[in-house]
Protein chains: 2
Amino acid sequence: MTDKLLNERELNFQLYEMLDTEALLERPRYADHDRAVFDATLETARGIAAEYLAPHNRKGDANEPTFDGEKVTLIPETKAAWNALAEAGFHAAHHDAEDGGLQLPEVILRTCVAYFSAANISTSGYSFLTIGSANLVKSFASDELRERFLPPMLDGRYSGTMALTEPGQGSALGDIRTTARPAEDGSYRVFGQKMFISGGDHELTDNIVHMVLARIEGAPAGVKGISLFLVPKVLVNEDGSLGARNDVALAGLLHKMGYRNTTSTVLSFGEKGGAVGYLVGEANKGLSYMFQMMNEARIGVALGASVLAYQSYIHALDYARERPQGRLPGSKDPLAPQVRIVEHADVRRMLLQQKVYAEGSLSLCLYASSLFEDSHTAPTDAERADAAELLDLLIPMVKSYPSKYGVIASDLGIQILGGSGYIREYPLEQYYRDNRLNPIHEGTEGIHGLDLLGRKLGQRGGKGYRLFLEAARASISEAAGSKQCAGLAAALNDALGILEQLSPELQAQVAADVDLGLANATAYLDLFGRVVVGWIWLRQALVAERALEAGAADSEADFYQGKLHAARYFMDWELAGLASQAQLLRAGNRLTYDMQDAWF
Amino acid sequence: MTDKLLNERELNFQLYEMLDTEALLERPRYADHDRAVFDATLETARGIAAEYLAPHNRKGDANEPTFDGEKVTLIPETKAAWNALAEAGFHAAHHDAEDGGLQLPEVILRTCVAYFSAANISTSGYSFLTIGSANLVKSFASDELRERFLPPMLDGRYSGTMALTEPGQGSALGDIRTTARPAEDGSYRVFGQKMFISGGDHELTDNIVHMVLARIEGAPAGVKGISLFLVPKVLVNEDGSLGARNDVALAGLLHKMGYRNTTSTVLSFGEKGGAVGYLVGEANKGLSYMFQMMNEARIGVALGASVLAYQSYIHALDYARERPQGRLPGSKDPLAPQVRIVEHADVRRMLLQQKVYAEGSLSLCLYASSLFEDSHTAPTDAERADAAELLDLLIPMVKSYPSKYGVIASDLGIQILGGSGYIREYPLEQYYRDNRLNPIHEGTEGIHGLDLLGRKLGQRGGKGYRLFLEAARASISEAAGSKQCAGLAAALNDALGILEQLSPELQAQVAADVDLGLANATAYLDLFGRVVVGWIWLRQALVAERALEAGAADSEADFYQGKLHAARYFMDWELAGLASQAQLLRAGNRLTYDMQDAWF
């Protein structure tokens, strides 16, 4: 199985050629590490992925969690995997050593996560949810709460969830109705129902820590009246021992198309008098806390989409290299041997599409992780601020591009295998079903389009946007005079010009009429995403060209030639149509805005 | 359930406003019918769909067929539905009255099939496979075979399959290895294995008639040595009674992502000495017989894709009209009531996309059916020949456009519902899984692209292609001077101009180097398909404009306004990028052709 679990060469390219991950060792936080530690960590992750996660990916899909009214049952491999991840320290990998963590850089943790997700995205989901909720506890909870709940979340005794969504509210967080009533002891009693809560119940851990958004009675309406609560499944005594069961009940499991081994739950809080909850941070600031964690969660979802796309790619490639079928159009001899399907131009087209989506998305996500890292540990304040600003601007594309194009890569994987791609005897259809969740959670394209055009593009004077343009122009300049990359840079330069002309015009449209001006925000998001990934591909091509000039040979040369050729493909085929798409947007096309409900 | 089963108004529009189905009554074959017969037939079909098919669509998905080594078990509703379809005469609907058929026009049968597929595409699959194989028996089998096998296929006692694909061959039919050895009694003994045979085994009927492609021992290599055989599951005595079990064994069931209640089988012929098979028609002409049936089968698959897209559309629309969530961007009052999501421009964009794909595809398929009808029953020989020629040219687009864009419509259905779209508690995810089969069977886009550019575009002096251009130009002329449609016609005219410039250049590229020239054939197919569906949308708009001018009011006016607005959407958004796509093709972009296996 390991041979089809991502591709070490590709990851090394991203970590050490595209990014200068080794340079992180010069920063004080990582001074005690060396490259060998990074590599050993990745090797451990790969081993756990191969041994504990990949083998039951299909089994977990075929035997989804069940609920008998009392308990949730998962296939037993889930618990073994949870233990392996926890014992190897991955739940605390990015935490400081003094908190029991491995004090590893974000980009190393994310690459480990890439292995886990590639092997089994639903079983490893329990860990990522726990990592995310532990981040909230660590960052915003009181010392007392942190001391009581964080250690067992980091060492694998407790798991965690993020409980935002409710049946009546969906993406509109301002309409959350779950309420919290102050109790005499300073805690709260929480009442309400949450839906689509991943990992919301199971027997993997002694306890589950729900991070719940709720409205304190009497709080202001809308987003300004939402607070964050820690609501454990089982109450925890002050000495850390487990107490009574809290008033949190599993109302039912939801039955997903994919991602099946992660429970998706409806949770009822307070049906028996009120669930005990503890306010995290200050009242009415819950959404801002959640937002501070969202960039990580969004990179996480996008990375999951990227690696599922990547798995679809390498399985399809493997099949295409082995499967003989038909002959090239020019071959007229029915007795000539069949060719392997990788020889057919249209199969190569599909594989190239998969490659540019999967590797472009993976590269984008790891780059975003490096910005996240820089925003915390870059040497100067200015570098940190710039990294944070650029990341914030890019997040809508980082979340949306891999989610959208990743599913297309998985779809192409099915198509390359044909009938075999459609049956559960091969893994492609599961990647497709699993990957289809990613355009939904952590914000749909519709939400991110509004966020990008309505908010982020202009925020803080358009600083993030300018930083992106500068970074892209720097790569274009770098390619001037290059034999292989000058044409690619010219194509990106054209695309960048389109974006630069378009963006202020759209901002003016929004200023003139916000509802009409934002009507096509999703199309703008898609256009921006393709420009960003075009830039990522130019950068990959630049690295590849340098390596070839430095004498890369044999399989190494093939690897870099593949990068260059994929970049050419991206510029020619994936950026085609950008100008006409921009033209529709510049003209303020109002068709979707003008459409009437009654006309459907 | 009926209220969400297609839309009668839409079907009437297609049958009686876009097509002049009533005019068929003037043709001798339909002289004994009247419009009331057509409508009553459709009403019966709708009733059976609602009563016998829709109620177990989800159940059949959740409880797929099982094989215990002896027998295949299906949920019992499958048999009840089979009986209802057979008893109402739908297996013989298009056959002549003297053969026990209802002697109905193709387009009425197809519309009935649309209801059945919309309600339950996998259960109704057994009927369509039987209809297709009965067509082969009727058209090419000897009188003796026809008398023995056709009546029980038409009245529901026997079912049928098309057994083409083998494990080692896939789309390359010339490489079929199943062999047939002449026996002394004039029959043959068949040996080999077939794969992905839909409906290949089950207990719905007393017998299953497999129409098997095989190579008579000593036949020429390649496509010229393939013959067609009728191989029953159970031998049939001359008096029509059932005899011994034939040497056809179910080697196993395949487990599909969707379409689950149709068995997908691996069949072994001749493991115990040879399966008795009867040659159909002449030796070595099997593939040409099969091809004569393929247009119908391809329209059938495309229609299935269209109605699954349509079901995704109406379920998503229904949800969008009922589900309140969020507010418009301009609304700043958190206490303002939530709006229904159909009010959000981006949801309307997704619904419009669904509408243009689903209704455009449905319209295209029924138009193709009317061409098929005309090719058999149009008044003059010239009209018949032209209809056949045009249909033949259009078939690659008719098959591919609905299959490709239908899945996108189903994908958008999931996205509109968000988390609810991803769970099996709602029907959207099943439509998505079911619909994903359609780009695979009856020829992938890759196959149809080669067929279009390498063969059909130029066949018989490019007659079919010229007929299409003339038909499209006639619609453009019709729109000249129209207030609502002139702009749409101008957009289509531009697209047509792009196609006209491109096609001969690509033919020259193919003539110069067939392998290189066909490398981007799939992209050409997609471009051609968008032009064809653009033409379909212009025609729908023309009909709508006339109806509005004639005074359509209230919900009728809304219906026609919807058609006009959707046509505008198609021209602006779906034809955008056509020019840049054509530019890549004209330039003979060789990136997929030049890509090397080792570079992936």
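Can you tell me which residues in the range B:570-588 are at the interface with chain A (Cβ under 7 Å from one of its Cβ atoms) and open to solvent by less than 20 Å² (accessible area, probe 1.4 Å)?
Scanning the range B:570-588 gives a single hit, B:Gly577.
When only residues in the range A:326-342 that are without any contact (Cβ under 8 Å) to a residue 60 or more places away in the chain and outside any loop (DSSP other than H, G, I, E, B) count, which is nearest to the other protein chains (Cβ to nearest Cβ)?
Step by step, filter the range A:326-342, then rank; the result is A:Val342.
Those residues that are at pLDDT 95 or above, of a type in the set (Gly, Ala, Ser) and open to solvent by 10 Å² or more (accessible area, probe 1.4 Å), I need them from the range B:294-324; list them, please.
B:Gly300
For every residue, the table says whether it meets (1) touching a residue at least 40 places away in the same chain (Cβ under 8 Å); (2) of a type in the set (A, V, I, L, M, F, W, C); (3) more than 24 Å from A:Tyr367 (Cα to Cα); (4) in a helix (DSSP H, G or I).
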residue	(1), (2), (3), (4)
A:Tyr524	yes, no, no, yes
A:Gly529	yes, no, no, yes
A:Ala547	yes, yes, no, yes
A:Tyr560	no, no, no, yes
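Go through A:Leu502, A:Leu518 for me and flag whichever is modelled with pLDDT of 95 or more and away from chain B (no Cβ under 11 Å).
A:Leu502
Give me a count of the residues in the range A:248-281 that are charged (D, E, K, R) and over 32 Å from the mean Cα position of the chain (by Cα).
So the count comes out to 2.
How many residues does the range B:187-206 hold that are part of a strand (DSSP E or B), surrounded by fewer than 21 Cβ atoms within 10 Å (Cβ to Cβ) and either within 14 Å of chain A (Cβ to nearest Cβ) or under 27 Å from the mean Cα position of the chain (by Cα) (or both)?
Taking the range B:187-206 as the starting set, the residues that turn out to be part of a strand (DSSP E or B) are B:188-198.
With surrounded by fewer than 21 Cβ atoms within 10 Å (Cβ to Cβ) added as a condition, the list becomes B:189, B:193.
This time we only want the ones that are either within 14 Å of chain A (Cβ to nearest Cβ) or under 27 Å from the mean Cα position of the chain (by Cα) (or both), so: B:193.
Going through the range B:187-206 one residue at a time, the tally reaches 1.
All but one of (1) within 11 Å of another protein chain (Cβ to nearest Cβ); (2) open to solvent by 20 Å² or more (accessible area, probe 1.4 Å); (3) in a helix (DSSP H, G or I) hold for A:Tyr367, so report the exception by its number.
Going through the list (1) within 11 Å of another protein chain (Cβ to nearest Cβ); (2) open to solvent by 20 Å² or more (accessible area, probe 1.4 Å); (3) in a helix (DSSP H, G or I), A:Tyr367 breaks only (1).
With the structure loaded, tell me whether B:Val347 is more than 8 Å from chain A (Cβ to nearest Cβ) and of a type in the set (Val, Ile, Thr) or whether it fails that test.
It is false that B:Val347 is more than 8 Å from chain A (Cβ to nearest Cβ) and of a type in the set (Val, Ile, Thr).
For B:Ser227, state whether it is touching a helix residue (DSSP H, G or I) at 6+ places or on another chain (Cβ under 6 Å), closer than 14 Å to B:Met290 by Cα and of a type in the set (Ser, Thr, Tyr).
Taking the combined requirement at face value, the residue satisfies it.
Search the range A:311-325 for residues being touching a Phe, Trp or Tyr at 6+ places or on another chain (Cβ under 6 Å) and within 25 Å of A:Met571 (Cβ to Cβ), and hand back the single one that is nearest to the other protein chains (Cβ to nearest Cβ).
A:Leu317
Could you pull out the residue among A:Ala474, A:Ala490, A:Ala486, A:Ala479 that is among the small types (Gly, Ala, Ser) and open to solvent by less than 10 Å² (accessible area, probe 1.4 Å)? Don't jump to the end; show me each part of the working.
Details: A:Ala474 fails: open to solvent by less than 10 Å² (accessible area, probe 1.4 Å); A:Ala490 fails: open to solvent by less than 10 Å² (accessible area, probe 1.4 Å); A:Ala486 fails: open to solvent by less than 10 Å² (accessible area, probe 1.4 Å).
Answer to the selection: A:Ala479.
Which ones in the range B:421-459 are open to solvent by 20 Å² or more (accessible area, probe 1.4 Å) and among the hydroxyl-bearing types (Ser, Thr, Tyr)?
Result: B:Tyr426, B:Thr444.
Within the range A:128-141, track down each residue that is hydroxyl-bearing (Ser, Thr, Tyr) and either crowded, with 22+ Cβ neighbours inside 10 Å or under 17 Å from A:Gly406 (Cβ atoms) (or both). Don't jump to the end; show me each part of the working.
So in the range A:128-141, the residues hydroxyl-bearing (Ser, Thr, Tyr) come out as A:130, A:133, A:139.
Of everything in the range A:128-141, those that are hydroxyl-bearing (Ser, Thr, Tyr) and either crowded, with 22+ Cβ neighbours inside 10 Å or under 17 Å from A:Gly406 (Cβ atoms) (or both) turn out to be A:Thr130, A:Ser133.
Given the condition within 20 Å of the chain's Cα centre (by Cα) and not assigned by TED's automatic domain parsing to the domain that holds B:Ala275, answer yes or no: does some residue in the range B:140-157 qualify?
No, the range B:140-157 has no match at all.
Out of all the residues in the range B:570-581, is one or more at pLDDT 95 or above and more than 22 Å from A:Ala579 (Cβ to Cβ)?
Among the residues of the range B:570-581, not one is at pLDDT 95 or above and more than 22 Å from A:Ala579 (Cβ to Cβ), which makes the answer no.
If a residue has to be within 25 Å of A:Glu343 (Cβ to Cβ) and part of a loop (DSSP other than H, G, I, E, B) to count, how many in the range B:571-600 make the cut?
7
Of the residues A:Glu184, A:Glu203, which single one is touching a residue at least 24 places away in the same chain (Cβ under 8 Å), among the acidic types (Asp, Glu) and farther than 21 Å from A:Ser139 by Cα?
When all the criteria are applied, what remains is A:Glu203.
Can you tell me which residue within the range B:546-561, out of those that are surrounded by fewer than 22 Cβ atoms within 10 Å (Cβ to Cβ) and under 31 Å from the mean Cα position of the chain (by Cα), is farthest from the other protein chains (Cβ to nearest Cβ)?
Just the residues of the range B:546-561 that are surrounded by fewer than 22 Cβ atoms within 10 Å (Cβ to Cβ), to begin with: B:546-559, B:561.
With the extra rule that they be under 31 Å from the mean Cα position of the chain (by Cα), the set shrinks to B:546-547, B:555-559, B:561.
Working: B:Arg546: 17, B:Ala547: 14, B:Ser555: 8, B:Glu556: 11, B:Ala557: 9, B:Asp558: 4, B:Phe559: 8, B:Gln561: 5 Å.
Checking each candidate, the answer is B:Arg546.
Restricting attention to the range B:249-269, which residues are open to solvent by less than 10 Å² (accessible area, probe 1.4 Å) and either among the β-branched types (Val, Ile, Thr) or assigned to a loop (DSSP other than H, G, I, E, B) (or both)?
Residues of the range B:249-269 open to solvent by less than 10 Å² (accessible area, probe 1.4 Å): B:257-258, B:261-265, B:267-269.
B:Met257, B:Gly258, B:Asn261, B:Thr262, B:Thr263, B:Thr265, listed by residue number.
Determine if the range A:239-247 includes at least one residue that is open to solvent by 10 Å² or more (accessible area, probe 1.4 Å), at pLDDT below 95 and out of contact with any strand residue (DSSP E or B) (no Cβ under 8 Å at 6 or more places or on another chain).
Taking every residue of the range A:239-247 in turn, at least one turns out to be open to solvent by 10 Å² or more (accessible area, probe 1.4 Å), at pLDDT below 95 and out of contact with any strand residue (DSSP E or B) (no Cβ under 8 Å at 6 or more places or on another chain).
May I ask you to verify whether A:Leu254 is within 28 Å of A:Glu70 (Cβ to Cβ) and within 14 Å of chain B (Cβ to nearest Cβ)?
Answer is yes for this residue.
Quick check: is even one residue across the range B:390-404 buried (at least 24 other Cβ atoms within 10 Å of the Cβ) and within 17 Å of B:Ala118 (Cα to Cα)?
yes
Name the pairs whose Cβ atoms lie under 7 Å apart, with the first residue in the range A:216-230 and within 8 Å of chain B (Cβ to nearest Cβ) and at positive phi, the second open to solvent by 10 Å² or more (accessible area, probe 1.4 Å) and small (Gly, Ala, Ser), and 6 or more positions between them or separate chains?
A:Gly222/A:Gly174
Which of the residues spanning the range B:142-186 are in a strand (DSSP E or B) and open to solvent by less than 20 Å² (accessible area, probe 1.4 Å)?
Taking the range B:142-186 as the starting set, the residues that turn out to be in a strand (DSSP E or B) are B:158-163, B:179-182.
Correct list: B:Tyr158, B:Ser159, B:Gly160, B:Thr161, B:Ala163, B:Ala180.
Filter the range A:439-486 down to residues that are out of contact with any helix residue (DSSP H, G or I) (no Cβ under 6 Å at 6 or more places or on another chain), among the small types (Gly, Ala, Ser) and in a helix (DSSP H, G or I), then give me how many there are.
Number satisfying all stated conditions: 6.
The values are calculated or read from the model by the stated rules, or taken from the named source; none is laboratory data. Everything numeric in this text was worked out from a predicted model, so none of it was measured. With ideal geometry, Cβ positions are generated from the backbone for all residues, glycine too; neighbour counts draw on all protein chains shown. Calculation scope for accessible area: heavy atoms of the full protein, side chains included, ligands and nucleic acids excluded. Shrake-Rupley method; radii C 1.70, N 1.55, O 1.52, S 1.80 Å.
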